[in-house]
Amino acid sequence: MSTERGEQVIVDTHYTTIHTLGLQNESRRLRYMQKDGRFPVVFQKAPGEWSPYFMDIFTTLVETRWRVMFLIFSLSYILSWLFFGLCYWLIAYVHGDVDDVNNAPCVENVRGFTGAFMFSMETQATIGYGFRGMTENCMVAIVVVTVQDVFSCLLDTIVIGIVVAKMASARKRAQTVGFSSCAVVNLRDGVLCLSWRLGDLRGNHILDGVVRAMLVRYVKQPLGSIVMLYQDLDIQNRDIVLATPATIIHKLEPGSPLYSLGPEDLLKDDFELVVSFTYTGDSTGMLHQTRICYMPTDIRWGQCFQDMIKVGKKRYKVDYALFNNTTWVSVPMLSAEEYDRGRNPVEGSQSQSPLFASVKRNKHTDINP
């Protein structure tokens with residue numbers, strides 16, 4: 001992009017450009033929030049502080065990883081089979097079924113631990129091959145079978161409930177509702193605005209949701225401690241109907257924490273723009289939240305999002321291939337504060353300071369980050 005004084009701005013809207021202003025090799029620092037909405041925060045707990053996790057074991061298992069959950073559930077079944085199998089073997093040993101093959105057994109065809117384990121597994125899994133079965137000779141064995149049946153129903157209920165809750169987790173639905181990979185700064189009705197896109201990839205559209213954005217900075221204290229500072233951004237139309245992709249707009253007006261930042265100052269500043277969209281899924285009725293974090297290098301100054309909605313004969317057509325695409329527009333390369341001060345220059349003035357960046361037509365060249 002080139003800047004020339006007094007030259008008319010020509011914008012090529014047929015080609016997508018991705019723009020990052022300078023500081024490509026900026027030093028990396030720890031982010032407050034990752035791009036996928038996760039927070040890189042680790043809690044260091046003192047010994048014996050794990051009781052809250054066990055008191056709410058259902059939520060703990062729902063939030064654990066799938067591989068850990070499968071391991072826990074597999075061990076719970078295998079250990080329960082071994083435990084009740086050991087009980088049946090002890091009953092058979094005390095009753096004399098192990099040593100005397102002519103003795104009337106408590107459980108048919110259970111003369112050792114292997115047979116007891118197989119009977120335990122068949123009982124709990126309700127397989128019932130018909131080779132081993134309970135008799136009326138031992139009341140203790142009947143009680144153990146009853147206890148195992150009740151425990152089996154309870155364990156199956158917990159496993160099925162956790163698997164269903166984990167599959168219907170709000171995080172999974174949030175993956176189909178996403179923000180654009182970058183934010184842009186351009187003019188809207190003569191006012192510099194920061195904007196980003198929000199879209200729903202599923203067919204069952206979200207008809208009600210609330211958008212929120214805040215600026216997060218962390219300040220290091222003299223003694224080494226860190227203080228997190230939060231500033232809410234005023235957003236136009238916080239309530240969103242997400243039948244089609246929506247553009248979220250924040251005006252760079254007095255009172256905005258970005259009001260005094262120009263394109264160069266923006267990249268030198270140290271902040272994170274955390275945005276979220278909270279909504280209720282119409283299929284499950286569960287509360288969901290999608291969030292993303294924009295760094296200063298993710299904000300494209302002097303660009304706007306390409307149009308992705310077309311009107312057909314019977315329906316609106318949305319091309320999500322253009323969801324993250326931007327193109328150049330004429331935008332003052334000044335902060336909103338400086339632009340407001342010089343927006344109405346004196347007529348006939350020969351001031352040579354360029355308010356707008358000019359973009360030459362280039363038929364074959366795109367700018368990539």
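Values in this text are rule-based calculations from the coordinates and carry no lab data. In this text the structure is predicted, and so the values were computed from the model without any measurement. Ideal geometry is used to build each Cβ from the backbone, glycine not excepted, and the neighbour counts take in all protein chains shown.
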>> Step by step: first the residues of region 263-317, then only those that are part of a loop (DSSP other than H, G, I, E, B) and among the polar types (S, T, N, Q), then the one that is surrounded by the fewest Cβ atoms within 10 Å (Cβ to Cβ). Which residue is that?
In response: Ser283
> Can you name every residue in region 224-250 that is surrounded by 13 or more Cβ atoms within 10 Å (Cβ to Cβ) and under 14 Å from Cys193 (Cα atoms)?
Replying inline: Leu233, Ile235, Gln236, Thr247, Ile248, Ile249, His250
> If the Cβ limit is 8 Å and pairs must be 6+ apart or interchain, which residue in region 110-137 that is within 15 Å of Phe84 (Cβ to Cβ) pairs with which residue that is in a loop (DSSP other than H, G, I, E, B) and of a type in the set (D, E, K, R)?
Replying inline: Val110/Asp97; Val110/Arg132; Gly115/Arg132; Met118/Arg132; Phe119/Arg132; Glu122/Arg132; Arg132/Glu108; Met134/Glu108
> Hey, does region 211-226 have a residue that's part of a strand (DSSP E or B), aliphatic (A, V, I, L, M), under 21 Å from the mean Cα position of the chain (by Cα) and over 25 Å from Asp270 (Cα atoms)?
Replying inline: no
> Take the residues of region 58-74 that are of a type in the set (A, V, I, L, M) and farther than 16 Å from Gly161 by Cα: which is surrounded by the most Cβ atoms within 10 Å (Cβ to Cβ)?
Replying inline: Leu71
>> With the requirement that a residue be under 14 Å from Met139 (Cα atoms) and buried (at least 18 other Cβ atoms within 10 Å of the Cβ), what does region 88-119 give you?
In response: Tyr88, Ile91, Ala92, His95, Pro105, Cys106, Val107
>> If I filter region 111-141 down to residues being of a type in the set (A, V, I, L, M, F, W, C) and in a loop (DSSP other than H, G, I, E, B), which single residue comes out as farthest from the chain's Cα centre (by Cα)?
In response: Cys138
